[in-house]
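> So that we are looking at the same thing, I have put the structure below in structure tokens.
Rule-based calculations on the coordinates, nothing more; no lab input. Every value quoted in this text rests on a predicted model; they were computed, and no experiment measured them. FYI the Cβ positions are ideal-geometry reconstructions off the backbone, even for glycines, and counts take in every protein chain you see.
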Amino acid sequence: MAKRNPSSSTVTRRSRRFQKPLNPEEPIDLESSIDSDFLKTDNESSESSKNPPISQKKAGKRPMEQTPKAACKKGKVENTEFGPEDQLIFYGPSEKARFESYKSKSMAYGRSVSLSLMKILHCDVTSIFDFQHLSSLFNTVGNSVYEEPVRMFYANLFVNDKDDLESMVLGTRIVLDSYQFEKIFSAKFRGFDVFVQNSWPKDFEVSFEEAKVFLSDNPPDIGPKNLKFEHCVLAHMIATTLLLGPLALLSTRDIFVLYCLVNNKRLDWFVWIRQYMLESNRDISSSAACLPYGLLTSHFLEVMKVDLAPFTPKHITSTYDKTTFSMMGYTLGDDRWVKRAKVDSIPVPVEVQTEQPASQPTISQNLLQTLKYLDEVKQLVVEMKKQVDKIREVTKETGTDVAKLGMDIGATRRQGARSFNSMTKKMDKLVKNVKNSYDSFCTKVINTLKYFLGRN
């Protein structure tokens with residue numbers, strides 16, 4: 001793991017810098033308050049390191065969670081080696097142990113969203129995200145993820161004595177607050193600031209059932225397959241970029257956010273993103289948990305001038321284009337996307353047996369027909385490969401199992417098998433025709449030679 005070991009003078013200089021009042025011209029610290037319902041006070045963790053690399057109020061440190069159970073097996077945390085070089089990267093042995101446990105966890109990167117491209121492809125949701133002040137966020141965040149520094153960020157993440165989210169990456173202190181968050185993305189996030197978890201807000205304008213009826217074409221069985229095209233795309237963006245989760249189902253939180261997006265009910269996105277970071281980091285000990293916001297967190301680290309040069313970024317190519325919309329089950333026709341019929345419902349062409357005409361097709365015709373069949377097979381293979389690659393990308397994005405995606409690739413495989421069998425039969429028939437034509441041609445040549453030679 002790449003490390004940077006700043007000198008003692010550098011550390012002292014940083015300590016003095018963070019004791020200064022916040023300067024609006026220097027986007028260094030990110031500070032804010034958070035919902036205390038997500039926090040647990042534990043004063044014992046304040047003594048995790050005797051020689052912290054930077055000055056902070058350790059007595060006021062309130063960790064978001066204890067070290068994950070997976071990292072608390074007998075002798076694992078106690079025997080963690082924590083040398084002087086580790087003090088420049090982690091607050092203490094428990095944070096280092098947490099980082100080691102995070103290495104086995106998947107990371108949800110998010111997607112690179114281009115609203116202008118989506119508009120060109122007849123999926124215009126720009127006005128929705130303009131109203132939510134999220135357009136500038138999509139335009140600002142790049143497509144590079146620095147996985148190891150992001151894991152360091154989550155390993156050191158805690159809540160300080162001012163109720164601010166705070167972390168450290170490679171010796172650089174990071175404090176998240178709404179002021180700097182809005183300054184980075186040039187947007188004011190105001191709106192519904194109660195983070196919805198498993199229950200529907202009691203004082204909201206509609207009930208949970210009413211929201212499902214409004215969004216779904218087939219209530220109460222609401223899911224991605226029952227949504228209109230624009231609603232389906234928004235639900236996909238929620239699950240892959242905003243509040244990452246499984247794609248095959250919609251949680252109570254997903255339905256609430258989707259309803260707010262469609263009906264222009266503004267949300268305080270700083271509160272929601274911050275709280276989702278806390279929730280994900282708290283539940284990271286779960287086998288299905290993953291670290292969220294790979295792209296967003298990497299952008300934070302770049303803005304905070306963290307030295308990321310020793311690390312190789314991973315470039316995310318997943319976006320919203322024709323391939324994505326096709327994978328959702330839609331096809332473009334007359335400048336609008338319509339739901340595509342299931343593969344199983346497509347009638348398989350039946351080869352009608354007819355009597356062969358007296359005249360056999362020529363060799364050139366047979367070859368042209370063969371090329372046509374081969375081209376169809378090539379297109380089928382390319383399409384199947386695109387679908388499999390797309391499923392793999394989505395699986396990496398969300399950290400979910402392929403079985404949870406609800407995509408019936410078995411139907412595609414069966415359709416491919418039927419097409420291959422049909423092509424094989426046609427090729428056998430063409431081979432017989434070519435052989436018969438060749439034999440007939442040779443016979444005619446021999447008879448012609450015999451005729452002329454016999455005359456002489």
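> Residues with amide H under 5 Å of Ser114's amide H, sequence separation 5 or more or different chain, H placed in the peptide plane at 1.01 Å from N; which?
Tyr320
> Here's another thing I want to ask about it. Say each of Ser440 and Thr140 gets a label point 7 Å from the Cα, pointing the same way as Cα to Cβ; how far apart are those two points in nm?
7.5
> Could I ask something else about it? Could you tell me the largest-minus-smallest coordinate of the C-alpha atoms of region 125-181 on each of the three principal axes, in descending order and whole angstroms?
If we take the Cα atoms of region 125-181, the spans are 39, 28, 14 Å.
> Here's something else I'd like to know. Can you give the FRET efficiency for Lys188 and Ser422, using 1/(1 + (r/R0)^6), R0 = 56 Å, r = Cβ-Cβ distance, to the nearest 0.05?
On the way: r = 60 Å, r/R0 = 1.07.
It comes to 0.40.
> Also, quick follow-up: For an R0 of 25 angstrom, estimate the FRET efficiency from the Cβ-Cβ distance between Phe208 and Lys228 and round to the nearest 0.05.
Details: r = 19 Å, r/R0 = 0.77.
Using R0 = 25 Å, I get an efficiency of 0.85.
> What is region 84-339's relative contact order, in percent, from Cα pairs under 8 angstrom and six or more apart in sequence? Please report the intermediate quantities before stating the final value.
Working: 340 pairs, mean separation 79.8, N = 256.
It rounds to 31 percent for region 84-339.
> Moving on to the next point. Rounded to the nearest 0.05, what FRET efficiency is calculated for Gln387 and Asn447 with R0 set to 51 Å and r the Cβ-Cβ distance?
Details: r = 55 Å, r/R0 = 1.08.
Result of the calculation: an efficiency of 0.40.
> How much length would be gained if the chain were fully extended between Asn198 and Phe82, taking 0.36 nm per residue of separation minus their Cα-Cα distance, in nm to one decimal? Don't jump to the answer; show the numbers that get you there.
Numbers: separation 116, 0.36 × 116 = 41.76 nm, distance 3.91 nm.
Gain on stretching Asn198 to Phe82: 37.9 nm.
> Once amide H atoms are built 1.01 Å from N in the peptide plane, which residues 5 or more positions from Arg340, or in another chain, come under 5 Å H to H?
Placed amide hydrogens put Tyr330, Thr331 under 5 Å from Arg340.
> Separate question: Once every Cα of region 190-341 carries one equal point scatterer and solvent is ignored, give the base-10 log of I(q)/I(0) from the Debye formula at q = 0.17 Å⁻¹, two decimals.
Normalising to I(0) and taking log10 leaves -1.13.
> Shifting gears a bit: Want the number for Leu380 to Arg336: 0.36 nm per residue separation, take away the alpha-carbon distance, what's left? Intermediate values should be presented prior to the final figure.
Values: separation 44, 0.36 × 44 = 15.84 nm, distance 2.44 nm.
Length difference between fully extended and current span is 13.4 nm.
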